Each structure stands twice: as structure tokens, then as C-alpha cells.
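Taken together, the values in this text are just the output of simple stated rules run on the coordinates, not laboratory data. Everything numeric in this text was worked out from a predicted model, so none of it was measured. Note that we place each Cβ from the backbone using ideal geometry, even for glycine, and neighbour counts take in every protein chain shown.
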Amino acid sequence: MAPMAASSMNASVEVAAGVPASILEHFDVPGGLIYGIGNDGRQDDGLGWALIDVLEREGVCRHAQLFRNYQLQLEDADLIRGMRRVLFVDATKSPEVADCALHAVEPKLDFSFSSHEISAASILATCRLCFGHAPEVWMLAIRGYEWELRMGLTPASARNLRAARQHLDCAAQAGLAYPDPLLTTGDRHERAGP
Amino acid sequence: MGRKLVIDPVTRIEGHGKVVVRLDDDGKVTDARLHVVEFRGFEKFVQGHPYWEAPMLLQRICGICFVSHHLCGAKVLDDMVGAGVRSGLQITPTAEKVRRLGHYAQMLQSHATAYFYLIVPEMVFGIDAPPEQRNILGLAEAEPELVRRVVMLRKWGQEGIKAVFGRRMHGISSVPGGVNKALEAADRDRLLNGGPDMLSVDQVIDYAQDGLRVFHEFHAKHRDEVDRFGDVPALNMSLVDDAGNVDYYHGRLRVVDGHKRVVTEFDYHDYLDHFSEAVEEWSYMKFPYLKALGREAGSVRVGPLGRLNVTKTLPTPLAQQELERFHDYTKGRANNMTLHTNWARAIEILHAAEVVRDLLQDPEAMQTDRLLVTPAKEAWTGEGVGVVEAPRGTLLHHYRADAQGNTTFANLIVATTQNNEVMNRTVRSVADEYLSGKTEITEGMMNAVEVGIRAYDPCLSCATHALGQMPLQVTLYGPDGSLVDERQR
């Protein structure tokens, strides 16, 4: 196991010896899941699905399962329990995100649950509590601007989608850095508790 | 000085609403109302669209009970093309069984969400437990095995929906005159026998019985509180079959009183002859009532409690056994205890699981050559009404289309709207019990009001046919109108 260099914004991380060339390759593994969250009938809320569309069109994912859903649900704890690595892709309204941002998801019961909303952190924590395993989970947030009842992305969010796609081609060593130094190494990354 | 208390939004319900409670100088509740402040839009939105698009568009009102909207709309389309109950040319038994299979799978999935995710945490931790504990994630921390079972139970329901409608959400299989696919053997076998990542139907039935045990344990510990909480009168309404027992997919509408005497029973196509809707300036949600009785006496309760008050039996053995216990508890009278809605809901989860099992074993649900009837063009009526018993209660769709087949009119009366009056009665009753005369209003007291609303599992976005975002809100006002306290989450 060779340590992977940390990016500028995050702390140290260690990965397996077979270092992937790109971020996408890191997730495009057996047991990989790329999960687009959103609704393409509500303009930029469709960003998560749009990235899945792009990956499908390009045919670049040979191993990872590609998946779309309107929102995260508690059952996703069951969906990810058998996975090795999960990349959630969702639109964000946050002005702190210029075009896209990739961050590791830490398991945390943040009590965000409603019939229409639950956080990725809570899904991960529930997975660990109920099924005894938590995969490595990341969130790719893509900046959106309009959420009206209409098909199609706004031009600005379409640009951000292209930026997000390009980001997935960045070198994994630069793009994937965990904030959690307790992260262990190996094919399966078990993560520390909240 | 008197006070006004606002709970805004009311949490763990679907949609945006708020509760306003007014107190007098002595701190006694003088009024309490559930306000629904969402915009009503979908009925207009579908106008001008081809008639066959309506069930596809209208199911998108909701991410929870979309199957009910889809099936209700499909029944309307059957009427419109001349394949409805009044035309003499009805859909095939296969089509009806496939629709019922999807309907009961959704009943199980939706009730499991409401019951286990939104209500059971309060049974386990208490109404006044800290908010960060009394939710499904708090339950996951305290009872991970229970939550694991619940996750798998709901997943099984979703897989049943997917087997019928092709997708877990907003799928399509019902078309005018029937369905476009039968149940496939692989799906049937997976749902019946389970697998490494899937429960078997027998496990589902076991887990559904767990749900009943949770209610009974809670009830045994807090019997007086549960029975007294929101004990409010209302008529009870449900679709019934020819024997007068609940039929979740089709039948006539029956209304019974507190003694379970039949007040009225009619063909749902004639609903406009029987129901009228009152409007209040403080809420977008209307107040339906039976015209013959007027608003106060003619408001009905629908949903699990209403249905089990109407029906005499359930056609599956385990649910029937529990129904007898439920009926015995009130000694032949209708059950008006709001929190017993959760008992009724748990019975319906079990019943739905048993019905799905029976339908999965029915070879007629797999007959691929008997999916559709195709009426002659002359059979076109251009108008239809559909009613199903959705998880939350009686759901009605009514459309009209012009000669070109474009929708000119749509009317939806959803369960939450039917329950509007009885929900408001519950809010008043609970506010009076928990807030009246108290010198200090705690978060737990405020939550009691929300618990009363959540028992109905209201879907406010369905009720107002909302477009847009849907954040629910309790507010306390003094007699001079000054804001005293407010909760918003």
C-alpha cells in the first residue's frame, strides 16, 4: 500500500498500490456505483442525471453501476451496503461551489430525514449501523441556478456539467483526498464513526 | 395578555402547512387551525394536454402516492374510452389483477414509510423526546435491527411497484382499457421467494406483524394517553364491495356513522350529487362535506381508520384476525381515536402483504394475451371518474376531454382534503389537551399537535395539487393578535 498524496484542501489519504489514473477510474471498479440524484423535469435539478447521461453516452464506465433517482431514500443504505465505492452526484444551490466540488462523505446521523429528504451522510451512517458495513462514499456537487418546472439545464449549469465531467478525468491523486485521516487502506475502505 | 402559538412547518408530513393556536388571557385554547399554504396548480396544468397524458402528469404531484394517482387516472381513462364500469365493456381480469398488485405493493410501501419511518420513533422514544432522537435515524441508532427490517420491508414494496410499473417511481403500466404488461415470472419468483438482497413474502408478512407488535407494546404502556389523544367524531368513508367490505381498488362509496350505520352509499360517478366543498380564506385546502348533512355533520374521515370503521371483514386471515381485535376494542362502535389510525395502518400493512402474496400466486396475473380491451371508436365518452382507496384514503379523479381528445377539465379530491375537517378537529382537541392553561409551552407539547396531524399521514402537496417547493409550520397568538411563539423546521 502506497500513500496517496493529499490535495491542497484535504488531509492525508492512503490508497491501494494500484493507483487509478483518474477520479472516474477510481469509481469505475467492480462494486462501484455512480448515483445521479435529481429530477430532469425541474431544470438544473437534473444535473445529477445529466452527468449519468454523459457517462452512458461516452460508454466510459466498464465496471461501475450507473443509477438515477429523484432523491436519496433510506433504502439506499441497502443499495450501497454491497458496494465498494459510491459517487453521489447532485445539483447544489450553494454559491460556495463555483462549478463543481467533490468531497468525501462522512457517516453521520444528522437527523435530516423527512419523507423527501435524507443526507448522504445519514445514508452512510445507517448503512453502517444496520448492515455493519460502509463503503467509501463521495459527493460530487454541481452548481445549478434554476429549479422551475421545465425540462433542460440552464446554459450556466450546462457549463458546470462540462466542468464536472472534466473534473472526473483529473488525476485521482490530486482529486481524491479524504478529510478523515483515520481512513484505512485496502480494497474496501472502512470508515471511522461520526 | 393572550397568546398565539405557531408551528410552522409541521414536520414529517408531505407538503407545507402550519398550525396556529390562539390562547386567551388565561392560556386556554380558543381556536386551533391547520393552514395549508401551498399553491393549487395541477388541475389547470393538465388542461390542453392529450387526455391520455393526464394520469402520467398527475402522478407527478407526489413522490409517495404516485401509484394511486396513476391508477385512479387509469380508471378515468377506462371510462373515457368506453371500457369503464358503466360501459358494459370492462378491463380484463388480468389487467385488474396486475393493477391491484401494484396498488397493494404501494399500500405496503407507503404505509411502511408513514408508520415505521415517521410514527414508530415517537412510539419508541415518546412524543416529548428530543427531536434529534424521535426520528428514524434516532431509531437506527437505538434499534438497528428493527430499522434494517423496515428498510428491507419498504424495499420489497418498491420492488413490487417496479415489477408492475417498470420503475420504482412514476412508472407507467396502466393504459386506457388495461395494462401494457403482465407480471413476469422472474419478478414473481423474486418477490415470493426472496434472495440474498431481498425478503421473501413470508418474511414480509413476519415483519408486518412486527409492526403490529410495536403498536400493541406502545398501547399497553400508554393506553389512556393513546385512547384519549385526539378522540374526535366524524363520519367514516370507504370504497366497498357488494358485501359492504372495503375494496381498495373498486366499488361503491359507503359512509357510516359512529354506530357504523350506513348513512349513504352511492356510485362514485355521482359524487357531485353528494359532495360539496367549503372554502376558508385561511387555507388553500378545501373542506368537502356531504350536501345532505351540511359541513359540520357531513364531513368524513377517510384512510386506514375510516376504512376499518366501515368494513366488517378483511379477506386475508392474519389481517382479519387483527381486525376482529380492532373492532372488539370499541365494542361495535366506530373508532374515533386518532392514534388508533396507526393501529389500522399496521393492520393494512399486514393485509397488503397477504394480498400481494395471493396475487403473486395467481396465474391470471401473468396472462400476457389478456392485457387490454379495445373499445370501438364510437364508445368514446370523453368523460370519466375514477376512485381508489389510496394509502391515505379515498382518492377521486374526474376528467373531461373535447372531441380532439384534449383535456378540458380535471378535478381531484384527495384523501387529505377529505380529512381536512377531521384533521382540524384533531388539532383543536390535542391543542386543548396539551397546551390549554399551561404556563410554559414546551417543544414536546408543540410536537403533540404535530403527532395528531401526522396520524393522518397528510399529503399537502397532493391536497393542493401543488407545483413548486413544499416546506409544514405551529404558531401561538394572543387575543390581541400578537405572536407569542413559533416553531419552524
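The fewest-to-most ranking of B:Asp328, A:Asp44 by surrounding Cβ atoms within 10 Å reads B:Asp328, A:Asp44. One compactness figure for region A:61-102 is 1.40, namely its Cα radius of gyration divided by 2.2 N^0.38 Å.
Note that region B:106-242 carries a Kirkwood radius of 17.3 Å, evaluated over its alpha carbons pair by pair. Sparsely packed loop sites in region B:223-320 (the chymotrypsin sites (Phe, Trp or Tyr not before Pro) outside DSSP H, G, I, E and B with at most 15 other Cβ atoms within 10 Å) comprise B:Trp282. Note on the protein assembly as shown: Cα-Cα pairs beyond 49 Å make up 14% of the total pair count.
Neighbour counts of C-beta atoms inside 10 Å place B:Asp242, B:Asp358 in the sequence B:Asp242, B:Asp358, starting with the fewest. When you filter the chymotrypsin sites (Phe, Trp or Tyr not before Pro) in region B:344-417 for DSSP loop state and at most 12 other Cβ atoms inside 10 Å of their Cβ, nothing is left.
In terms of distances greater than 18 angstrom between alpha carbons, the cross-link table entries B:Lys75/B:Lys97; B:Lys4/B:Lys28; B:Lys18/B:Lys286; B:Lys44/B:Lys286; B:Lys221/B:Lys438; B:Lys4/B:Lys438 yield B:Lys221/B:Lys438. A simple rule links phi to the HN-Hα coupling: the Karplus curve 6.51 cos²θ - 1.76 cosθ + 1.60 with θ = phi - 60°, which for region B:444-458 gives x, 5, 4, 5, 4, 5, 5, 4, x, 6, 4, 4, 7, 6, x Hz, with x for Gly and Pro. Counting neighbouring beta carbons within 10 Å and listing from fewest to most, the residues A:Arg128, A:Arg165 come out as A:Arg165, A:Arg128. Binning the C-alpha pair distances of region B:54-157 at 10 Å intervals from 0 yields a P(r) profile of 14, 32, 25, 17, 10, 3 %, listed from the shortest bin outward.
In region B:405-456, taking the dipole from charged Cβ atoms about the Cα centre, the farthest positive-side position among B:Thr442, B:Asn420, B:Gly405 is held by B:Gly405. When every Cα-Cα distance of chain B is counted in 10 angstrom steps from zero, the calculated P(r) takes the values 4, 20, 31, 27, 13, 4, 1, 0 percent.
In order along region A:153-170, the Karplus-derived 3J(HN,Hα) couplings, from 6.51 cos²θ - 1.76 cosθ + 1.60 at θ = phi - 60°, round to 7, 6, x, 5, 6, 5, 5, 5, 4, 5, 5, 5, 5, 5, 4, 5, 8, 5 Hz, and Gly and Pro are given as x.
Scalar couplings 3J(HN,Hα) for region B:398-413, obtained by applying the Karplus form with A = 6.51, B = -1.76, C = 1.60 to θ = phi - 60°, are 9, 10, 10, 9, 7, 4, 7, x, 8, 5, 10, 7, 9, 9, 10, 10 Hz; x denotes Gly and Pro. Under the classification rounded if a/c is under 1.5, otherwise prolate if a/b is larger than b/c and oblate if not, where does region B:170-229 fall, given a ≥ b ≥ c as square roots of the Cα gyration tensor eigenvalues? Verdict is oblate for region B:170-229. Taking amide H atoms as placed 1.01 Å from N in the peptide plane, the amide H of A:Arg42 lies under 5 Å from those of A:Arg150, each 5 or more residues away in sequence or on another chain. For B:Lys260, the residues 5 or more places off, or on other chains, whose built amide H falls under 5 Å of its own are B:Ala334. Normalising by residue count, region B:309-402 has a Cα convex hull of 143 Å³ per residue. How big is the gap, in Å, between the Cα center of region B:181-234 and the Cα center of region B:259-304? So the separation of the two Cα centres works out to 30 Å. Measuring nothing but alpha carbons in region B:235-335 and taking Rh as the Kirkwood radius, the Rg to Rh ratio lands at 1.01. Ellipticity at 222 nm from helices only: DSSP H runs of n ≥ 4 in chain B, each -39500 (n - 2.57), divided by the residue count, give -12500 deg cm²/dmol. Counting 0.36 nm for each residue step from B:Gln321 to B:Asn406 and taking away their Cα separation leaves a gain of 25.8 nm.
Pop the C-beta distance of A:Ser94 and B:Asp197 into the FRET formula with R0 = 30 Å and round what comes out to the nearest 0.05.
E between A:Ser94 and B:Asp197, to the nearest 0.05, is 0.30.
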